[in-house]
Amino acid sequence: MAEDWTEKYRPKTVRDVVGNPKAVSDIMEWADDWSKGAPKKKAAVLMGSPGIGKTSLALALASEMGWGLVEMNASDQRTGGAIRSVALKGSLSNTFSDTGEYLDTRDGGMKLIVLDEADNIFGNADRGGVPAISELIKETKQPVILIVNDFYDLSRKSSAVKNDTLQIKFQKPSASTVAKALRTITENEGIEADDLVLRALAENAGGDLRAAVRDLQSVSAGKDALSVGDTGILSERTTRKNMYDLMYAVFRKGDPVAARRAAFDVDEEPSYIQLWVEENLPYEYTDTGDLVRGCERMSRADIYLGRVHRRQYYGLWSYAVDMMTAGVSEARRSSPDNRNRFRFPSYLMKMSRSKSVRNMKKNVADKLGTYLHTSRSRIDSDVMPSLKAVLKNDQGLRASMIRDVGLEVEELAFLLDTGVDSPMVKLAVKDAEPPKAITKSAGGTAEGKKAEKPKPVTGQKSLFQF
Amino acid sequence: MNEIWTERYRPKALSEVVGQKHVTERLEAYVKMKNMPHLLFTGPAGTGKTTCALALAKELYSDSWKGNFMELNASDERGIDVVRGKIKEFARTSPLGGAGFKIIFMDEADALTTDAQAALRRTMEKYSRICRFVLSCNYASKIIDPIQSRCAIFRFRPLTQDDVKGFLERIIAAESVKITPDAVDGLVHVARGDMRRAVNSLQVAASMGKMIDMDTIYQSVGIANPEEVMNMLETAISGNFVSARNMLDEIMIGYGLSGQDIIKQIHNSFFDLAISDGDKVRLMDKTGEIEFRIIEGSNERIQLEALLAYLVMVGGNNR
């Protein structure tokens, strides 16, 4: 049984791919377009969490369409040069088929270029990778598939990825779909398996089909029957399930010692547990007394964490965890409401959603800090609020932001809370250009109003000069 | 042609600096000698520390000041290694225009941890032949003794009301701002000796484009203290913890305010809350404790949430 089941049972045809009928039909349509000549979107992005069949679909597609394959993944050194030399060259001229036969594009042998783990293209080793991918997407003569877990991250770095690709979302298969797929394997391998076992394996994998297959292979090693006891040796794969268990132990079990013990089992950093407990605390402790006591315990826990950071003394970690689990559990006086569902930390989602805004803000604060000889934090707390207010009323100052502070057009628009093509921004861009004629009236608030009078007829043009 | 007034009216020469004669006279002596020790500027915000450092450099080096002067902000730089890297880079080339040394101005030096300050001390020593350091901070007590003992210490005094008023009046004349006399006094009062705040508030008020009176001043000061903080406190007092917490996230993530900034604003605003005086006093104590815990802890939000929960309780007592 040397063969890896995740490879052995990798779908051979597109139809064999588990779940995701929409994704499958989308990609087939795109592939059909290719056989009629290059479609408008020459590249497709398959996005979704690990182990749900993205790579399998790409490989199955190539074999089904009779295309050759040029494959790269994160383990390759993916510098711009490497991508260009392999993918772009491969796509523009010749390559080998998967059996080693030399194929010529002019003979009609089309090749699918697959960039696996395309979202891992950052850092030093992959310098230049993103521009190369953008170039590839635009210029390829061959179908290209990018496979990503985190589409947002890559699309932020490359507008070509964002705008010039066909985006196909992969959903996690449900536990019953996964269990069904496992059933196919056990039947094929001649293993008798209890339904409950397959179901447990499927649920444990949390939608990761590959993980489920791998677990199945490891629990059934050397056996021809699987019963309920056999899954016990698996460690749980998903942290999320564990975190929900921990939340239950902390908030509803009414047993501080058990809450503390549950924290040992999750094997997560205290700061992560802190986020979870914090998120759920007000929803669980709706009684004011419980809330105040719970928050106080969280506060004490956080002080221990602060001392750990400052003194690099990790011995205090356990006190922090004790306070946020046993301490919070003990804070409850009222009885729990078991109807609510536990929540994933919204702070993490807010932070990831606000990433681009925060970056923009940081850049603005850096520029203002340099100009005003002060720190970012002082800009944020002291300067930003009043500056925003003045900018709303003062055209001259808007122009000065571009001319003197060196803000980009988008950054000024951000401060004004408008779009880059708003009249205020356009006029500021125009005014920021070096004056050609006489500059009348210096200073004064009246100037702002005067300057607004001439309508920006040439506003359009000056925008392009940026 | 408008600019940010705090920059436009920043004094260019030491003699123009307001209210710090005891400092500027000694600095002018250094200019005359063309030599100086390391300096430590201490004093509240908006009293002229950065302005003096810039003016000192301009007078020492005249046209070549930019090449001989480097600004670092301790609270912006990520770690002492970055600071040391920049210093090393700057100190590699000899001073321009025949000057004997370069100046490194490190603002908010009290943001450095004790360990980082110790590392900075060694760096200061290493480059002292080529560079003089000017450190700036709010409290000298936050600077480790070995650094203090190597620096000439300059204490910047809080500006008097007359100092602030005189300076504002110069701007009012230059920009032909229309303002009532009591509004000028109001501006001076709310600035509490911080010239930057006074000038910022004046510019906000002036941008509203009418005769500035006390109402305009209140409005412009309100802008500088975002009402979001007040809204958050009131929401907590009304008993809605989850909404108050969402507002807190908005202030911290959206406005980018630090926990310490927020707690300072809370401290300034809870006298306006509709709670009993006894609760206000207890709240003062609690707020102080929370600020201490913010410094001592690792996650500012957790600490501020504890304060919000406390407010929910106080609100319950007052309903």
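We did not get these values from a lab; they are worked out from the coordinates using the rules stated. The model shown is predicted, which means the values in this text are computed figures rather than measured ones. Here the Cβ is made from the backbone with ideal geometry for all residues, glycine too, and neighbour counts use every protein chain on show.
Here are the numbers for the structure shown:
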| quantity | calculated |
| --- | --- |
| Pairs from B:Lys66/B:Lys86; A:Lys162/A:Lys362; A:Lys111/A:Lys141; A:Lys162/A:Lys361 whose Cα-Cα separation, in the structure shown, is over 19 Å | A:Lys162/A:Lys362; A:Lys162/A:Lys361 |
| Amide H partners (placed H, <5 Å) of A:Leu112, local residues excluded | A:Gly68, A:Leu69, A:Val70 |
| Neighbour-limited loop hits for trypsin sites (Lys or Arg not before Pro), segment B:203-272 (at most 13 other Cβ within 10 Å; DSSP other than H, G, I, E, B) | B:Lys210 |
| Cβ charges +1 (Lys, Arg) and -1 (Asp, Glu), total dipole of the protein assembly as shown, debye | 2500 |
| Value in Å of the Kirkwood radius, where the protein assembly as shown supplies the Cα pairs that are averaged | 31.3 |
| Within segment B:122-204, trypsin sites (Lys or Arg not before Pro) in DSSP loop having at most 11 other beta-carbon neighbours inside 10 Å | B:Arg129 |
| Two-site label geometry, B:Glu125 and B:Thr160: point separation in nm, points 7 Å out along Cα→Cβ | 4.3 |
| Reduced Cα scattering model of segment B:87-222, Debye log10 I(q)/I(0), q = 0.13, 0.17 Å⁻¹ | -0.73, -0.85 |
| Over chain B, relative contact order from alpha-carbon pairs under 8 Å, at least 6 apart, % | 16 |
| Amide H contacts of B:Val134 (H built 1.01 Å from N, under 5 Å, at least 5 apart or other chain) | B:Leu39, B:Ile104, B:Phe105, B:Met106 |
| Residues in segment A:208-229 reached by a label modelled at A:Lys8 [backbone nitrogen below 16 Å; 7 Å Cα→Cβ] | A:210-226 |
| Long-range amide H partners of A:Ala193 with built H, under 5 Å | A:Leu226 |
| Distance in nm between pseudo-label sites at B:Asp115 and B:Arg282 (7 Å out along the Cβ direction from Cα) | 4.0 |
| Using a Förster distance of 22 Å, the FRET efficiency for B:Ser176-B:Lys210 (Cβ separation, nearest 0.05) | 0.95 |
| Whole-Hz couplings from phi, Karplus 6.51/-1.76/1.60, listed for segment B:49-60; x for Gly and Pro | 5, 5, 4, 5, 4, 5, 5, 4, 4, 5, 6, 5 |
